[in-house]
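The values are calculated or read from the model by the stated rules, or taken from the named source; none is laboratory data. Since the model is a prediction, treat every value here as computed from it, not as a measurement. When we count neighbours, we look across all protein chains shown, and the Cβ atoms used for this are built from the backbone with ideal geometry, even at glycine. Side chains are part of the model used for accessible areas, which takes the heavy atoms of the whole protein and leaves out ligands, DNA and RNA. Shrake-Rupley method; radii C 1.70, N 1.55, O 1.52, S 1.80 Å.
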Amino acid sequence: MSETRLIHGFHAVTAKLRHAPGDVKELYVAEGRQDARVRDLLKAAATAGVRVLPVDAARLDGMAGGARHQGVVARVAATAKYVSLDDVLDNLSEPALLLVLDGVTDPHNLGACLRVADAAGCHAVVAPKDKACGLNATAIKVASGAADTVPYIMVTNLARSLRELQERGVWVVGAAGEAEKVLHAIDQKGPLAWVLGAEGAGLRRLTRDTCDELARIPMYGSVESLNVSVASGICLFEARRQRG
């Protein structure tokens, strides 16, 4: 039997049924639940030919590892189609817009970043294999379907990958609170990769040194930093604003 994993929550399961129905092996739904949201989900499962199993709440809790599953868990194929940075760049019809995450270890933050990336039309999210949380069930649920629409590429050596992007004409900009330039002063109309670190820790030294330039989000209040997903949204949507 091929390897599988579990995902939970209405958004994550519905998105998987919509974008990759062949990956869904089984659907587990809280027994006795018959509200409109469940009926719509069951209809989508029937269309995709997915077997649905009613199960009790205790079993769902165990399958979701105690996370808030909303009464829905799905067993899906564990192996997604491999996507590389070259795959992404070779198939674009507009200048690249990438989000690079350095040291983001909280799956809630990763999920929120994926959701923001989808909303901004970002072509891929890139992260290192080490010191990163990976695309687990929690991140997929928080992403509300974006985990199936935005390629999430994990690379062995982040600095080397950034240099490879630069060789392909992508301008690499790191978000840093101490930067002299504000993000609005950066020309973001061409191929661009925004690089953000975790809140507080920021970018690692080698990552920072590899960037073509640094820029900051202007802060007008008393807080010194923003959550990485909020900062990602500001940076990506500024790029979209400039591109019209």
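Going through 135, 98, 162 one at a time, which residue ends up being in a helix (DSSP H, G or I) and in contact (Cβ under 8 Å) with a residue 24 or more places away in the chain? Break it down stepwise before answering.
Details: 135 fails: in a helix (DSSP H, G or I); 98 fails: in a helix (DSSP H, G or I).
After applying the criteria, what remains is 162.
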Flagged in region 113-151 as at negative phi and of a type in the set (Lys, Arg), in numbering order, are 115, 129, 141
Go through region 6-31 residue by residue and tally those that are buried (at least 18 other Cβ atoms within 10 Å of the Cβ) and basic (Lys, Arg). 1
On the basis of being within 16 Å of residue 232 (Cα to Cα), open to solvent by less than 10 Å² (accessible area, probe 1.4 Å) and outside any strand (DSSP E or B), does residue 150 make the cut? yes
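Do we find a residue being in contact with an Asp or Glu (Cβ under 6 Å, 6 or more places away or on another chain) and either open to solvent by 20 Å² or more (accessible area, probe 1.4 Å) or over 16 Å from residue 137 (Cβ atoms) (or both) anywhere in region 32-44?
Taking region 32-44 as the starting set, the residues that turn out to be in contact with an Asp or Glu (Cβ under 6 Å, 6 or more places away or on another chain) are none.
So far as region 32-44 goes, no, none of its residues is in contact with an Asp or Glu (Cβ under 6 Å, 6 or more places away or on another chain) and either open to solvent by 20 Å² or more (accessible area, probe 1.4 Å) or over 16 Å from residue 137 (Cβ atoms) (or both).
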Look through region 122-132, keep the residues that are free of Cβ contacts under 8 Å to residues at least 40 places away in the same chain and not small (Gly, Ala, Ser), and return whichever of them is most open to solvent (accessible area, probe 1.4 Å). 131
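Check 172, 155 and return the single one that is out of contact with any His (no Cβ under 7 Å at 6 or more places or on another chain), surrounded by fewer than 20 Cβ atoms within 10 Å (Cβ to Cβ) and of a type in the set (Val, Ile, Thr). If you could, list the steps in order and put the result at the bottom.
Numbers: 172 fails: surrounded by fewer than 20 Cβ atoms within 10 Å (Cβ to Cβ).
Only one candidate qualifies: 155.
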Just one of the numbered conditions (1) in contact (Cβ under 8 Å) with a residue 24 or more places away in the chain; (2) open to solvent by 50 Å² or more (accessible area, probe 1.4 Å) is not true of residue 192; which one? (2)
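What do you reckon, is residue 178 over 30 Å from residue 20 (Cα atoms), surrounded by fewer than 20 Cβ atoms within 10 Å (Cβ to Cβ) and free of Cβ contacts under 8 Å to residues at least 12 places away in the same chain? Explain how you work it out, then say what you get.
Working: over 30 Å from residue 20 (Cα atoms): yes; surrounded by fewer than 20 Cβ atoms within 10 Å (Cβ to Cβ): yes; free of Cβ contacts under 8 Å to residues at least 12 places away in the same chain: no.
Against the criterion (over 30 Å from residue 20 (Cα atoms), surrounded by fewer than 20 Cβ atoms within 10 Å (Cβ to Cβ) and free of Cβ contacts under 8 Å to residues at least 12 places away in the same chain), residue 178 does not qualify.
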Would you confirm whether or not region 201-213 contains a residue that is in contact with a Lys or Arg (Cβ under 9 Å, 6 or more places away or on another chain), assigned to a strand (DSSP E or B) and open to solvent by 50 Å² or more (accessible area, probe 1.4 Å)? no
